[in-house]
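Chemist: Provided herewith is a single structure, encoded as structure tokens, for subsequent inquiry.
The values are calculated or read from the model by the stated rules, or taken from the named source; none is laboratory data. Just so you know, these numbers come straight off a predicted model, no measurement behind them. Using ideal geometry, Cβ is built from the backbone for each residue, glycine included, and neighbour counts are taken over all protein chains shown. Note: accessible area is taken over every heavy atom of the protein model, side chains too, but ligands, DNA and RNA are not part of it. Shrake-Rupley method; radii C 1.70, N 1.55, O 1.52, S 1.80 Å.
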Amino acid sequence: MTFGEQPAYLRVAGDLRKQIVDGSLPPHTRLPSQARIREEYGVSDTVALEARKVLMAEGLVEGRSGSGTYVRERPVPRRIARSGYRPETGATPFRQEQADSQARGTWESRSEQAEASRAVAERLAVKPGDRVMCTRYVFREAGEAMMLSTSWEPLAVTGRTPVMLPEEGPLGGMGVVERMRAIDVIVDNVTEEVGARPGLAEELLALGGVPGHVVLVVQRTYYASGRPVETADVVIPADRYQVAYHLPVR
């Protein structure tokens, strides 16, 4: 294969993708059968099958048992606005994760003590095996799961304090900044790193996605005088949401 050439299955997938994007193959339309693809493009069954696999992996089509493969409805991406930590009184976990003042939503959570994995320990500047409070969230907007988050806080900071459990106690349900302030830990910095990867099976099940779909992962860490006091992975379905940052000019 010379430079610039594509395998046959990618050329076929590219043409079918173009038809899906420009509306020639609208949502809920049955994708041409493997035999029809073979005849129209003059390719083998193997090439036709691989082209269909590409479109399925991209989330453009879906298989329906006993019926065939159909073009999926393409959602119009909505925005998730982020602007770093929100120090004002009354910030909730939902407001912390979705900074848009017009956004309204609910969340469910579950907290439990755990040992820090090597990766979490590195992010929190603690030793692997140190005790942390792990809290898992599902964020919903209009009843639809829109984000997942798993956070870890070192119990060396919050243990035996009124804010040890993020969703219980006098400041239960408040944001990290306000909870930490209550125990005289002043959050003064936050970092976020954004990446993308295929969603894990359990993530896509919770988010209502299709196997193979890509998710955005926001790796966030709060700091107080250079010490990490909370870190979290926020998982967002990339086909339904765009992440927009509002960054103040200093």
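Chemist: Restricting attention to the stretch 74-83, does a residue exist that is polar (S, T, N, Q), under 29 Å from MET146 (Cα atoms) and touching a Phe, Trp or Tyr at 6+ places or on another chain (Cβ under 8 Å)?
Modeler: Yes, the stretch 74-83 has at least one match.
Chemist: Let me ask something else. Pairs please, first residue from the stretch 11-27 and more than 19 Å from GLY42 (Cβ to Cβ), second anywhere and acidic (Asp, Glu), Cβ atoms under 7 Å, 6+ apart in sequence or on different chains.
Modeler: PRO27/GLU73
Chemist: Would you confirm, using the coordinates I've provided, whether ARG220 is out of contact with any helix residue (DSSP H, G or I) (no Cβ under 6 Å at 6 or more places or on another chain), outside any strand (DSSP E or B) and either without any contact (Cβ under 8 Å) to a residue 40 or more places away in the chain or over 23 Å from ALA81 (Cβ atoms) (or both)?
Modeler: no
Chemist: Sort through GLY209, GLY195 and tell me the only one that's touching a residue at least 12 places away in the same chain (Cβ under 8 Å) and crowded, with 16+ Cβ neighbours inside 10 Å.
Modeler: The unique qualifying residue is GLY209.
Chemist: Starting from residues that are aliphatic (A, V, I, L, M) and touching a Gly at 6+ places or on another chain (Cβ under 8 Å), keep the ones in the stretch 210-246 and report whichever is nearest to ARG74 (Cα to Cα).
Modeler: So, considering only residues that are aliphatic (A, V, I, L, M) and touching a Gly at 6+ places or on another chain (Cβ under 8 Å), the one nearest to ARG74 (Cα to Cα) is VAL210.
Chemist: Next up: If I ask for residues that are part of a loop (DSSP other than H, G, I, E, B), open to solvent by 50 Å² or more (accessible area, probe 1.4 Å) and farther than 18 Å from GLY105 by Cβ, which ones from the stretch 116-147 would you list?
Modeler: Those that are part of a loop (DSSP other than H, G, I, E, B), open to solvent by 50 Å² or more (accessible area, probe 1.4 Å) and farther than 18 Å from GLY105 by Cβ: SER117, ALA125, LYS127, PRO128, ASP130.
Chemist: Is it the case that the stretch 235-244 has a residue that's more than 22 Å from the chain's Cα centre (by Cα) and open to solvent by 60 Å² or more (accessible area, probe 1.4 Å)?
Modeler: There is no residue in the stretch 235-244 that is more than 22 Å from the chain's Cα centre (by Cα) and open to solvent by 60 Å² or more (accessible area, probe 1.4 Å).
Chemist: Before we move on, is LEU207 touching a Phe, Trp or Tyr at 6+ places or on another chain (Cβ under 8 Å) and closer than 24 Å to PRO77 by Cα?
Modeler: No; evaluated as a whole, the condition is false for this residue.
Chemist: Then there's this: Return the residue satisfying two criteria in turn: it lies in the stretch 148-184 and is assigned to a loop (DSSP other than H, G, I, E, B) and surrounded by 20 or more Cβ atoms within 10 Å (Cβ to Cβ), and of such residues it is nearest to the chain's Cα centre (by Cα).
Modeler: GLY175
Chemist: Of all the strands (runs of 3 or more DSSP E) wholly in the stretch 6-86, which have at least 2 residues that are open to solvent by 70 Å² or more (accessible area, probe 1.4 Å) and of a type outside the set (Asp, Glu)?
Modeler: Output list reads 78-82.
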